Structures are given as C-alpha cells and as structure tokens.
Amino acid sequence: MFNRIINFWRKKESDESGPGVQEMLDMIDKKRLPKHIAIIMDGNGRWAQRQGLLRAIGHRAGMESLRDIVKLCCELDIQVLTVYAFSTENWKRPQEEVVVLMDLLVEYLNKEMRELNEEGVRINPIGRLDELPQPARDALADAVKLTRDNNRLILNIALNYGGRTEIIDAIRAIVTDIEKGCYKASQIDANLISEHLYTAGQPEPDLLIRPSGDYRISNFLLWQLAYTEFWFTSTLWPEFRRYHLLRALVEYQRRERRFGGLKSKS
C-alpha cells in the first residue's frame, strides 16, 4: 500500500517539478500577488478510492499537500492562507472518518507546529472550536500559544466552520453589544459586521481555489468572498502541489479586478 503511495508521489514530482515550476515562477509578478488565498481542500476521499485505498489514507495524503502549499505561501510572502479543513456539515460523515480527521489534525499540529513557528507562521483556527474533541482543542491551543507572535503568514484553519454559522455568531455578538449600550442598531454597517467575523482584522480573500472538479463554495467564507476571484481545477487535493498554486496565481494575475467599477483608462 505505502509503496503505491510513494510511487505516486515520485511520478507527480517528475511530472510537475523542475522547469514547469520555475517557468510559472518566472511568469509571476511578485508585486501583484494576492494578500489572502483561501483553499477548499477537497477530494481526499475520492483520491484514495481511485488508488484502491482507504479514505483515511487520502486524508493523510492531503496533509502533504497542505505542507507544500504553506511553504510556498511563505516563500512568496503571502499574508494570509485560509484552508477549509472541517465544516459544520462534516459531522454527518461516518463516525470512524470523523475520528480519523480529528486524529490527523492533532498529528499535523504536533508534527508541524515547531517548523511552522520557525518559518514565522501564525496558526489561527476559526470556527466553533468549543465543539471539537478535547484533544483537538488542546493541540490547537498549544499551536496558537506557540505561534501567536509570528507575522510572516497567518494560517487560518477552518474547523467546525460554516459561513452561515459565522455570520450568525457575528450577529449575536453585535446584538449583545447593542444590549450593553456599546452602539445603536443604526450603526450596523459592513465594517461592523466584518469586525465581528472570525477573520476580523484580516484582508478579505483575493483568490479562492477549489480542487476536485466541483464548482461551489460549500458554505465557506460567505461574507468574505464578495469580490474574490475563483479558480477551479479538477485536480484532487492530495495531488495539489505548488505547481497548481502557481498556475492559479498566473491566472489570477491575468484577470482585471474592478470591484463593481469600470476598467481604468491608462
């Protein structure tokens, strides 16, 4: 089983490293990179099934993709990377798969957080974290404490996250503040709502990447994605590497972002 995975990665590396990656790097304007990239990490289970493996192996393979993408974001000086790791709807999956996902989260944090800390990555979990299993909460708390002073890259890990629940939580917090007399209902505007989201103080995503061939946002960052550029690929997340992110960045820089306005005249 593991020989099959090793051979798969060797083939991927020979197909998509070297000149292809360097060519993409040469095409990128480092001055026009997105400040915030969001990724829906999708396709782990399908990748495993296509390889004749257990779904758990697919989730583990997806950890390698995350490691590579975080490294590239650090190299490119991306400010924020938000990854969709576990949604509020994912609790509907078989219990054994949920347990595997939570165990892999703990394993990832315990294995990676010291290196992430050395790279200047600040780990910032978002979502209804109090509903996660205690080992996951403990591992997250340790990672947050270790990396809290870092500012090279903010790594938002969306866990037990849903875009609708985020907005609901923001509204509840605003109503509570109104009841306390902090401000009036007439003062509610887009800025106030943004200040009460899980991503408060961060730039909104410039680029959303969705692997696996699906064309939906799956209740992810519903408020924040108002003017985000989308990039879809049929590549499954365990196959996603820096080559694919660089392709997305090249395409992103070919687009004109008008934010509802007209094309500027040169």
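The values are calculated or read from the model by the stated rules, or taken from the named source; none is laboratory data. As the structure is a computational prediction, the values presented were derived from the model and not from experiment. So basically every Cβ, Gly included, is an ideal-geometry build from the backbone, and we count neighbours across all protein chains shown. Just the protein is used for accessible areas: all its heavy atoms, side chains included, with ligands, DNA and RNA removed. Shrake-Rupley method; radii C 1.70, N 1.55, O 1.52, S 1.80 Å.
Values for this structure:
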{"read-out": "Residue that is farthest from His196 (Cα to Cα) [pool: residues in the range 110-143 that are part of a helix (DSSP H, G or I) and touching a strand residue (DSSP E or B) at 6+ places or on another chain (Cβ under 6 Å)]", "value": "Ala143"}
{"read-out": "Residue list for the range 24-51, filter: part of a helix (DSSP H, G or I), farther than 14 Å from Phe86 by Cα and open to solvent by 10 Å² or more (accessible area, probe 1.4 Å)", "value": "Met24, Leu25, Asp26, Met27, Lys30, Lys31, Arg32, Arg46, Gln49, Arg50"}
{"read-out": "Residue, most open to solvent (accessible area, probe 1.4 Å), within the range 114-127, restricted to residues that are under 29 Å from Leu225 (Cα atoms) and more than 16 Å from the chain's Cα centre (by Cα)", "value": "Glu119"}
{"read-out": "Given (1) part of a helix (DSSP H, G or I); (2) open to solvent by 50 Å² or more (accessible area, probe 1.4 Å), index of the condition His244 fails", "value": "(2)"}
{"read-out": "Test: residue in the range 73-83 that is within 18 Å of Asn160 (Cβ to Cβ) and either touching a residue at least 60 places away in the same chain (Cβ under 8 Å) or among the acidic types (Asp, Glu) (or both)", "value": "yes"}
{"read-out": "Any hit, the range 96-109, residues being open to solvent by less than 60 Å² (accessible area, probe 1.4 Å) and without any contact (Cβ under 8 Å) to a residue 12 or more places away in the chain", "value": "yes"}
{"read-out": "Any hit, the range 193-203, residues being under 30 Å from Ile57 (Cα atoms) and more than 14 Å from the chain's Cα centre (by Cα)", "value": "no"}
{"read-out": "Hey, Leu208 part of a loop (DSSP other than H, G, I, E, B), under 30 Å from Asp130 (Cα atoms) and hydrophobic (A, V, I, L, M, F, W, C) or not", "value": "no"}
{"read-out": "Failed item in (1) within 30 Å of Asp103 (Cβ to Cβ); (2) part of a helix (DSSP H, G or I); (3) free of Cβ contacts under 8 Å to residues at least 60 places away in the same chain, with Arg216 passing the rest", "value": "(2)"}
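Yes or no, residue by residue, for (1) of a type in the set (Asp, Glu); (2) within 23 Å of Ala170 (Cα to Cα); (3) open to solvent by less than 30 Å² (accessible area, probe 1.4 Å):
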{"residue": "Ala190", "(1), (2), (3)": "no, yes, no"}
{"residue": "Thr199", "(1), (2), (3)": "no, yes, yes"}
{"residue": "Ile217", "(1), (2), (3)": "no, yes, no"}
{"residue": "Ser234", "(1), (2), (3)": "no, no, no"}
{"residue": "Phe240", "(1), (2), (3)": "no, no, yes"}
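Yes/no matrix, rows are residues, columns are (1) free of Cβ contacts under 8 Å to residues at least 60 places away in the same chain; (2) open to solvent by less than 40 Å² (accessible area, probe 1.4 Å); (3) within 18 Å of Val121 (Cα to Cα):
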residue: Arg148; (1), (2), (3): yes, no, yes
residue: Ile168; (1), (2), (3): yes, no, no
residue: Arg172; (1), (2), (3): yes, no, no
residue: Ile178; (1), (2), (3): yes, no, no
residue: Tyr183; (1), (2), (3): yes, no, no
residue: Gln202; (1), (2), (3): no, yes, yes
residue: Leu207; (1), (2), (3): no, yes, no
residue: Ser212; (1), (2), (3): no, yes, no
